[in-house]
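Laboratory data are not the source of any read-out in this text; all were calculated from the coordinates shown. Please read these numbers as outputs of a predicted model, since none were measured by experiment. Note that each Cβ is placed from the backbone with ideal geometry, even for glycine, and that neighbours are counted across all protein chains shown.
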Amino acid sequence: MFPPVPNPTTQPEAPRFGEKDLIRRSASTVTPPAERQTEVAKLIDVSKCIGCKACQSACIEWNDTHPAIETNTGIYENPHDLTPDMFTLMRFTEWENPETNNLEWLIRKDGCMHCEDPGCLKACPAPGAIVQYSNGIVDFVHENCIGCGYCIKGCPFNIPRISQVDHTAYKCTLCSDRVAVGQGPACAKACPTQAIVWGTKDEMKEWAADRVEDLKSRGFENAGLYDPPGVGGTHVMYVLHHADQPQLYSNLPENPRISPVVEAWKGVTKYAGLAVLGIAAATGFMHYLVAGPNRVSEEDEEAAERLTGEGRS
Amino acid sequence: MSIDVKANGNYEVGKDERVHPGKPVVVDRYTAGARINHWITATSLVLLALSGLALFHPSLFFLTGLFGGGQLTRIIHPWIGVILFFSFFGLFLRFWKANLWRRDDSDWLAHGRDVLAGHEERAPEVGKYNAGQKLVFWSMSALIIVLITSGVVIWDQYFSVFTTVEQKRWAVLVHSIAAIVAICVWIIHVYSAFWVRGTIRAMTRGSVTGGWAWRHHRKWLRDLVARTPHDKSGRTPAE
Ligand code: HEM
Ligand code: SF4
Ligand code: SF4
């Protein structure tokens, strides 16, 4: 068993990270802190999950959200998708393993992956609406959010959702408020099987290595850790029994990365766009300096008067 | 709006365009309706450019202040887009015929250098619009269609469920590029109106001087004069 985070003290505590620990801030440049905090991570061991949704309940409770009560359409997902009120969602897949002919119930806890290279933050146009702390947590700051939905286009995991109530974007915070006072995320605390564990990123990788070894010894030879390099690694990682086929788990992307379309939009388009506008304005200005105004002359007026018959009398 | 169309289908002169002899000669160019329509379009376009650019680059985010903050900018921009679309559609209906491309236009364009150097007389005589104006007209028409189409796709508040995230990614890329091109066309349009003195009053007072028409749109002036039932003396002008 991985040692769980001890219960908090009853004494007030100063937050362990804040503004000074930002390594990225949307639509802004920040000077990263000289020293990076130890990177944290949440490890979700899919092979241990029993689908009880205690994590979902804990998330709702801690964040005080009120997901709508939906109708049962014959599947286990509830609600049917991530919503502005449901930051994490158990997704269920029934898969018949062609090698063993066994029915496998693959349950994945979906939610923000807290990418090291977050596409949401890259896409966001509002200064400070998305921040990344040096411990790896990517957080949305609602008072700066303008509700444009660009983060949805930037995210390779389709995570953020815009509230139709306050028109700002919501997603898992990795319980930044709990972590700031030395606690782990609510979901990790609630999980009865230790399918969710919490610690530093290094600890989680080590722990995952043991789990992978164990799974391999039980015949899951493709077991492995999901820490996708395309987004620089993530601060929420999965242990998968079929790490060679992440798409099996409700379309977990095989090689997620910020879409090249987003890179083009947020990269070359911006620089080239502003340059082109500048050049257009400057060209007009230069032309005016060189050519001067194009004025109608006296002769032009006279010619028109002749044409209309006035000038002849 | 009705306009005179000769048998070949080409625009010659509009029925509200009139020559008033005098010193100087005054030529009606735009009706009050057309001018109001134009200024609604112009205002919307400028507001769209400002509110759009605010989201386009962080260094321009301060422009959201003009609209009462980021949330309001995000809300208002697409609605102004809808106004622009319908307003421009009005202009399109008014002006499309006069903007049809003719052989002369290609010749005129070949003299682009002369025109820019102030030697318009070396280029063929021009009807109501010259080739440059026609290019502005058609490129704006195309760009506004691209902008409204891509704009609706990224209008998440109402339309997010109709498209996939991947389609929205393309739409926002297309929208931002089209916006930049549209703003460039706008710069060309405004600069030309400013550079060619005597043009702006066509859209404010509705009329231009005869000299302006003679210098820049001689064929249009000739056609107008040829059509005009002459002054009280009963003489035909330009016989
Ligand atoms: C014609 C109808 C239009 C519609 C429906 C529309 C809609 C939108 C929407 C929904 C956005 C995303 C931000 C937001 O939600 O407010 C946006 C962004 C933008 N729009 Fe428009 N728009 C239109 C026309 C225009 C025009 C005419 C221009 C410029 C002349 C323009 C320039 C921009 C720019 C620069 C952005 C920011 C793109 C970026 O962040 O890279 N839009 N537009
Ligand atoms: S998973 Fe999506 S929302 Fe979460 S940090 Fe990565 S890009 Fe942002
Ligand atoms: S909706 Fe997303 S991209 Fe837009 S301002 Fe809010 S956090 Fe940033």
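Taking the Cα-to-Cβ direction at A:Ser28 and at A:Glu299 and moving 7 Å from each Cα, how far apart do the two end points lie in nm?
My value for the distance between the label points is 6.3 nm.
Dipole size in debye (nearest 20) for chain A around its Cα centre, Lys and Arg Cβ +1, Asp and Glu Cβ -1?
Dipole of chain A, to the nearest 20 debye: 540 debye.
How far apart, in nm, are two points set 7 Å out from the Cα along the Cα-to-Cβ line at A:Lys216 and at A:Gln37?
Computed distance between label sites A:Lys216 and A:Gln37 equals 3.4 nm.
Which angle from 0 to 90°, rounded to the nearest 10, does the C-alpha axis of helix A:298-307 make with the longest principal axis of chain A?
Once rounded, one gets 80 degrees.
Using just the helices of chain A, give the 222 nm mean residue ellipticity in deg cm²/dmol: DSSP H runs with n ≥ 4 each add -39,500 (n - 2.57), and the total is spread over all residues, rounded to 500.
Estimated from H runs of four or more residues: -8000 deg cm²/dmol.
With the dipole of chain B worked out from charges on the C-beta (+1 for Lys and Arg, -1 for Asp and Glu) around the Cα centre, which of B:Ile36, B:Gln167, B:Thr209 lies farthest toward the positive end?
Highest projection toward the positive end goes to B:Thr209.
Efficiency by 1/(1 + (r/R0)^6): what FRET value for A:Glu77 and B:Ser139, r their Cβ-Cβ distance, R0 = 41 Å, to the nearest 0.05?
According to the calculation, E is roughly 0.30.
What size of dipole, in debye to the nearest 20, comes out for the range A:267-308 about its Cα centre when the only charges are +1 on Lys and Arg C-beta atoms and -1 on Asp and Glu C-beta atoms?
Charge dipole, the range A:267-308, about its Cα centre: 580 debye, nearest 20.
If a paramagnetic tag sat 7 Å from the Cα of A:Gln194 along the Cα-Cβ line, which residues of the range A:1-34 would have the backbone N under 17 Å from that point?
Under cut-off, by backbone N: A:1-7.
Pick from B:Arg215, B:Arg103, B:Arg197 the residue whose mean-square fluctuation is largest in a GNM of chain B, springs joining Cα atoms under 10 Å.
The residue with the greatest mean-square fluctuation here is B:Arg103.
Just from its helices, what would the mean residue ellipticity at 222 nm be for chain B, if runs of 4 or more DSSP H residues each count -39500 (n - 2.57) and the sum is divided by every residue, rounded to the nearest 500 deg cm²/dmol?
-19500 deg cm²/dmol
Computed FRET efficiency, Cβ-Cβ of B:Glu166 and B:Phe89, R0 30 Å: what is it to the nearest 0.05?
With a Förster radius of 30 Å, E is 0.50.
How many angstrom lie between the C-alpha centres of the range B:59-113 and the range A:18-41?
41 Å
So if R0 is 51 Å, what FRET efficiency would A:Cys52 and A:Ile279 give, r being the distance between their Cβ atoms, rounded to the nearest 0.05?
Computed FRET efficiency for A:Cys52 and A:Ile279: 0.25.
Of all the Cα-Cα pairs you can form in the range A:267-308, what percent are over 16 Å apart?
Tail of the P(r) past 16 Å holds 61 percent of the pairs.
Quick one: check the C-alpha center-to-center distance for the range B:173-199 versus the range A:212-255, whole angstrom.
52 Å
State to the nearest 20 debye the size of the charge dipole of the range A:142-230 about its Cα centre, where the only charges are +1 on K and R beta carbons and -1 on D and E beta carbons.
I would put it at about 260 debye.
Can you tell me the 0 to 90 degree angle between the C-alpha axis of helix B:165-195 and the longest principal axis of chain B, rounded to 10?
On a 0 to 90 degree scale, this one is about 30.
What value in Å³ per residue do you get for the convex hull of the alpha-carbon atoms in the protein assembly as shown?
Output value, Cα hull per residue: 200 Å³.
So which of A:Lys42/B:Lys168; A:Lys201/A:Lys270; A:Lys53/A:Lys270; A:Lys266/B:Lys97; A:Lys189/A:Lys266; A:Lys48/A:Lys122 end up more than 32 Å apart by C-alpha?
Violating the 32 Å limit, Cα to Cα: A:Lys201/A:Lys270; A:Lys53/A:Lys270; A:Lys266/B:Lys97; A:Lys189/A:Lys266; A:Lys48/A:Lys122.
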